[in-house]
Amino acid sequence: MKRIFALLLTLAMMLSLAGTAFAEPITDFVTYQTTANEMETFNILYSQYAKELDVLTNCIDGLLSNDNYGNLVPGLAETWETLDGGLTWTFNLRKGVKWVDYQANEKAEVVAEDFLWGLEWVLNEKKNLAANMSMPSEMLVGAQEYFDYTKELPEADALALGLEKFQEMVGIKAVDDYTLVFTCKAPMPYFATLGSYNCLYPVSGKLLAELGAEGMKAVFYDTLWYNGPYTMTTYVQNNEKVLTKNPTYWNKDIQTFNTVTVKMVDSVDVAFQMYQTGELDNVTLNEANLQTIYRSPSHEFHNHLNEARPTKYSYQIHLVYDKKLEDGSPDVAWNTAIANEAFRLSWYYGMDFTNYLGRVNAINPLNCTNYCYTAANLVATSDGKDYVQHVMDLIGLQPSSETYTRFDAEKGAAYKQQAMEELSAKGVTFPIQMDYYVQGSNQSALDTAQVLKQTFIDCLGEDYVVMNIKTFVNSLIKEVRAPQLASFYINGWGADYGDPINYLGQETYGKDNAFYSRAYSKIDLATDEDLIAQYKEFTALVDAAAAINDDLDARYKAFAVAEAYMIEHALVIPLYVNISWQLTGVNDYSKIFAAYGIQNNRYINWETNKQGYTTEDYVNFAKVYEENRK
Amino acid sequence: MLLYTMKRLLQSIVTVLLVVTIVFLLLRLLPTDYYFTEEQLIKLTDQQRHDQLAAAGLLDSPFVQLFRFYEDLANLDLGTSRRIQHGVPVTQVIGGKFLVSMRLGLISLAISLFLGVVMGVLQARYKDKFGDHVGTAYTVFVNAVPTLITYSLVLVLGARLFKLPSMYSVRNVARSSILPVVCLSLTSTAGYMLWTRRYMVDELNKDYIKLARLKGLSSRKVMYRHVLRNAFVPLAQYLPYSMLLTIGGSLLVERFFSVPGMGTLLTDAISRYDTSIVQAVVILYASLGVLGVFLGDVLMTLIDPRIRLISKGNTR
């Protein structure tokens, strides 16, 4: 009965979509990017920014890719397997894939050795300047050692290195032209997901021979070799780039555009103007444009407002446990307060962030609610239950479109009272001063900070905490983070590969590779014993989960326990996911949608409509998508 | 004249070298962290950063670096870009850009010079008449309204009413250049109108004009043979400078219409701390600046023979 009902529902929705299905699809897609996001490199092995990877992911294929539900799908590797619980991984490459130049002239065949050349480049300190080396060096046998070896070599010697020493040291082997074997340091059941990330991408050995190391560093769109669905046929810096369908592309089953033109515009306002005149096929709206359209039912685009899908980033409040004052001395009052669990929990329960979320999504703020540290859709247990749902069950919270469910005024007030008593006994005076930094030239960030400040006043009171909005000129890292001036940061993490360790590992205690601990929270420098004990407990839970390599369900459930522990002790406070509003002729639900890796912006299999989709279309897309997921 | 030229040339070279040296040394005073992106600062260890700086010679004394820079400059090597286009020679980065800026700049300069001078002359001739008031209103409007608002108006009107492309495109240069050229011309036309009118009115009130009129010269002859010629001298002085500076492009117009020119290069390079680009662009701008001033002086002597660039004997 359930199946029949689902079938009928899907059928009904498909019928309601029939109108849009008959709409004329876009064959030459025109989109935009702001000039601040212009590419700086065409070397996908070197790039670490979305502004480049979002383009280059269309030009070069890696071992694996994802589908629109985030599942791993074959890329250059047709099949992949591990026979020893994740210690060694074999990727069987497809035959006959061609490297072509930007005009689609065939140059060479893609072979397993190209992946060796790619990884050698990444791990050679003099070639790739340590970009993208952290994950392979953490995971693969001999990778860190090879990096250290190249670091010690004179520049010319390191640049001249071939594959001999590399193969001798690093756990990667081209068994033949179409078989690639990786050897991990320990069993890593998630290693295959790294196959969709650019640190394991190939580069043709013949291209390297042609360009030389210096030439490869400066590789340009017209000297690059391509094996992806598009080649870049035009590139004019700060103006436009044109991707043209690669006629030799191996996958004939996918749908691509004939061309994709990315126009570089000064601002979203210019992009909106261009959308109105039909020069663009999509535009993400800023708050002013969104409000103008939303508040005016007669506006030509009022019925075309579409809520985008969440980005892969999960945003948190990162608390700083070793804050300093501007004169370099420790901020004793803050450091003492934030080490107190009741103080942190008064934030966790006592803050209603609805107004703050309104700065992220002005129409549906509660759609941006985020109660977990890890982003949704990263991994799921074998019963199909998302990892994040396991965490939510443990912390006892469920998102609601009506209320901010984590907010509990009574609990917040009780923790506030407890914190004031405990901290007063330690000599802390109230209100506690907290410093929050935003870029001085960013008016939008200043406005958002003002909303946050007001939220603190409304929810916790000025007798308890006072949020000081401070500004930096150019670099948060250099001006604020290095001298440890902020009381807390709001920042987001997007995973590079598909395992919770890529999130939780960033917050552990006493580990060099724990990014947020080392760079932001400075927990390793904290002195409060209770706080350190909690962090050690959390770290032990993460380590225990990471040690489970033979049962993915058990692994994910153990990680969920660790994450729930971190959240319930408010070591980090989850805040939001980013959901914007747009006018578009693209069905976002047909796009690749992965919570990790670099595949999301591939212009393949996109369902489009020249007239632009209506709000109703998008609601139906979401329903059909969710039905199909089930 | 030859002596003057040689002297000015020498002065110009010294000026350019001085500017470049000061900029070079100032850039070296900034903390070395600025050589790295935020991402690199996050991911690289202190040792890795140190190694990279050492390998690039950026830990040497600023004077050693300066000497090396001039040595490379003598070989016409301006280095490679670190950030704007990683690893690409600076000359290549700049190469394609200045032609675009120069083309748009020269077209708009020609338009604004022609329109500005003609309108200025007409305003002066029909001073305090309706046309003069309209011209003054235009000048006040262009100068009073914030530039970005004027550009937005041009963009909206041009794109919606005339279906012109909203941004510059290398695949449709002619049509897509119209709106940037209009924006570039708007302000400078107003400038030329304002100054031509002012100089002309000044000249019209002088005694030699009254005398010429009393002698029975036609109004037309007085206006064009005497007034305009004398009024144009101060404008002419800045003409070569303006023409050469078109190579530098316009920051606002180029950014607004995504013109791939020189206008945004210097600010982008400074904000990304791409020192090789900054140095090269500073050399270019400084050279163009001193050359423009020099050519302006020469042009003035050609238009007005009374002006001498070198002192004559027995003159007071």
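The values are calculated or read from the model by the stated rules, or taken from the named source; none is laboratory data. Predicted, not measured: the structure shown is a model, and the values here were computed from it. Please note: Cβ atoms are built from the backbone with ideal geometry, for glycine as well, and neighbour counts cover all protein chains shown.
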The one condition A:GLU152 fails out of (1) over 25 Å from A:ALA495 (Cα atoms); (2) within 14 Å of chain B (Cβ to nearest Cβ); (3) at pLDDT 95 or above is (3)
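In the range A:48-67, how many residues are assigned to a loop (DSSP other than H, G, I, E, B) and at pLDDT below 95? Reasoning before the result, please.
In the first step, residues of the range A:48-67 are kept if they are assigned to a loop (DSSP other than H, G, I, E, B); the result is A:48-49, A:57-63, A:67.
From the residues that got through so far, the ones that are at pLDDT below 95 too are A:48-49.
Summing the residues that are assigned to a loop (DSSP other than H, G, I, E, B) and at pLDDT below 95 in the range A:48-67 gives 2.
Only residues that are in a loop (DSSP other than H, G, I, E, B) and crowded, with 20+ Cβ neighbours inside 10 Å: list them for the range A:596-609, please.
A:GLY597, A:ILE598, A:GLN599, A:ASN600, A:ARG602, A:TYR603, A:TRP606, A:GLU607, A:ASN609
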Any idea which of A:TYR535, A:TYR509 is among the hydroxyl-bearing types (Ser, Thr, Tyr), under 25 Å from A:VAL480 (Cα atoms) and part of a helix (DSSP H, G or I)?
-> A:TYR535
Of all residues in the range A:234-260, which are in contact with a Pro (Cβ under 6 Å, 6 or more places away or on another chain) and either farther than 15 Å from A:VAL97 by Cα or within 14 Å of another protein chain (Cβ to nearest Cβ) (or both)?
-> A:VAL236, A:GLN237, A:ASN238, A:ASN239, A:THR256
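Of all residues in the range A:560-595, count the ones that are under 24 Å from A:THR292 (Cα atoms), among the small types (Gly, Ala, Ser) and surrounded by fewer than 23 Cβ atoms within 10 Å (Cβ to Cβ). So that I can check it myself, show each step before the final result.
Going residue by residue through the range A:560-595, those that are under 24 Å from A:THR292 (Cα atoms) are A:577-588.
Okay, now just the ones that are also among the small types (Gly, Ala, Ser), so A:580, A:585.
From what's left, surrounded by fewer than 23 Cβ atoms within 10 Å (Cβ to Cβ): A:580.
Selection size over the range A:560-595: 1.
Which is buried (at least 18 other Cβ atoms within 10 Å of the Cβ), within 14 Å of chain A (Cβ to nearest Cβ), touching a Ser or Thr at 6+ places or on another chain (Cβ under 7 Å) and on the phi > 0 side of the Ramachandran plot, of B:GLY249, B:GLY263? Walk me through it before giving the result.
Working: B:GLY263 fails: on the phi > 0 side of the Ramachandran plot.
Checking each option against the conditions leaves just B:GLY249.
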A:ALA375 vs (1) among the hydrophobic types (A, V, I, L, M, F, W, C); (2) out of contact with any Lys or Arg (no Cβ under 8 Å at 6 or more places or on another chain); (3) modelled with pLDDT of 95 or more; (4) farther than 20 Å from A:PRO431 by Cβ: all pass except (2)
Could you tell me whether the range A:546-557 includes any residue that is touching a Ser or Thr at 6+ places or on another chain (Cβ under 8 Å), hydroxyl-bearing (Ser, Thr, Tyr) and modelled with pLDDT of 95 or more?
-> yes
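Quick one: which helices (runs of 4 or more DSSP H) lie wholly within the range B:226-316 and hold at least 1 residues that are within 28 Å of B:TYR35 (Cβ to Cβ)? Even if it seems obvious, please write down each step before you answer.
Numbers: elements: B:228-237, B:239-245, B:251-256, B:265-271, B:275-303.
Answer list for the range B:226-316: B:251-256, B:265-271, B:275-303.
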Tell me which residues, restricted to the range A:222-243, are crowded, with 23+ Cβ neighbours inside 10 Å and among the acidic types (Asp, Glu).
-> A:GLU240
Number of the exception - B:SER176 against (1) within 14 Å of chain A (Cβ to nearest Cβ); (2) touching a Leu at 6+ places or on another chain (Cβ under 7 Å) = (2)
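Confirm whether A:ARG518 is of a type in the set (Lys, Arg), touching a helix residue (DSSP H, G or I) at 6+ places or on another chain (Cβ under 8 Å), within 14 Å of chain B (Cβ to nearest Cβ) and free of Cβ contacts under 8 Å to residues at least 24 places away in the same chain.
Taking the combined requirement at face value, the residue satisfies it.
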In the range B:107-128, how many residues are of a type outside the set (A, V, I, L, M), in a helix (DSSP H, G or I) and touching a residue at least 24 places away in the same chain (Cβ under 8 Å)?
-> 6
Among the helices (runs of 4 or more DSSP H) lying completely within the range B:10-98, list those that include at least 3 residues that are within 11 Å of another protein chain (Cβ to nearest Cβ).
-> B:38-43, B:46-55
Restricted to the range A:272-292, and to residues that are in a loop (DSSP other than H, G, I, E, B) and more than 10 Å from chain B (Cβ to nearest Cβ), which residue is surrounded by the fewest Cβ atoms within 10 Å (Cβ to Cβ)?
-> A:ASN286
Within the range A:300-311, is there a residue that is surrounded by fewer than 19 Cβ atoms within 10 Å (Cβ to Cβ), closer than 30 Å to A:LEU194 by Cα and β-branched (Val, Ile, Thr)?
-> yes
Going through the range B:151-170 one residue at a time, which ones are at the interface with chain A (Cβ under 9 Å from one of its Cβ atoms) and either of a type outside the set (A, V, I, L, M, F, W, C) or touching a strand residue (DSSP E or B) at 6+ places or on another chain (Cβ under 8 Å) (or both)?
-> B:SER152, B:ARG160, B:LYS163, B:PRO165, B:SER166, B:MET167, B:TYR168, B:SER169, B:VAL170
Close pairs (8 angstrom Cβ cut-off, 6 or more residues apart or separate chains): of a type in the set (Phe, Trp, Tyr) in the range B:184-199, at pLDDT below 90 anywhere | B:TYR192/B:LEU235; B:TRP195/B:PRO234; B:TRP195/B:LEU235; B:TYR199/B:ASN230; B:TYR199/B:ALA231; B:TYR199/B:PHE232; B:TYR199/B:PRO234; B:TYR199/B:LEU235
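Which of the residues belonging to the range A:429-448 are under 23 Å from the mean Cα position of the chain (by Cα) and part of a helix (DSSP H, G or I)?
Here is the first cut: in the range A:429-448, the ones under 23 Å from the mean Cα position of the chain (by Cα) are A:437-439, A:442, A:444-445, A:448.
Hits for the range A:429-448 are A:SER444, A:ALA445, A:THR448.
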Filtering the range A:402-428 for residues that are closer than 23 Å to A:ASN468 by Cβ and part of a helix (DSSP H, G or I) leaves a count of 7
The range B:255-276: number of residues that are under 15 Å from B:LEU27 (Cα atoms) and within 16 Å of the chain's Cα centre (by Cα) = 2
Within the range A:194-233, residues being at the interface with chain B (Cβ under 10 Å from one of its Cβ atoms) and within 28 Å of the chain's Cα centre (by Cα) number 5
